[in-house]
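*Asks:* I am attaching a structure below and will ask some questions about it afterwards.
Just so it is clear, none of the values below were taken in a lab; they were calculated from the coordinates. What you are looking at is a predicted structure, and each value in this text was computed from that prediction instead of being measured.
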Amino acid sequence: MDNAGFIITSYVITFGAVGAYAIGIIRRSRKSSRDVPRDQRPWS
């Protein structure tokens, strides 16, 4: 139990970094999808 604080902190930092990265990717993809002309969008 001596290392519990270190382990919990490591998990919080790891999941926080992965979450921030995912949010950044989603934001950039939404912004760049607006630049594609409507007739070139295969996903809509």
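*Asks:* Fully extended, how many nm does the chain gain between residue 21 and residue 34 (0.36 nm per residue separation, minus their Cα-Cα distance)?
*Replies:* Values: separation 13, 0.36 × 13 = 4.68 nm, distance 2.05 nm.
So the extension gain works out to 2.6 nm.
*Asks:* For helix 4-33, report the angle its Cα long axis makes with the longest principal axis of the Cα atoms of the chain; keep it between 0 and 90° and round to the nearest 10°.
*Replies:* 10
*Asks:* Averaging over every viewing direction, what projected area does the convex hull of the Cα atoms of the chain cover, in nm²?
*Replies:* 3.8
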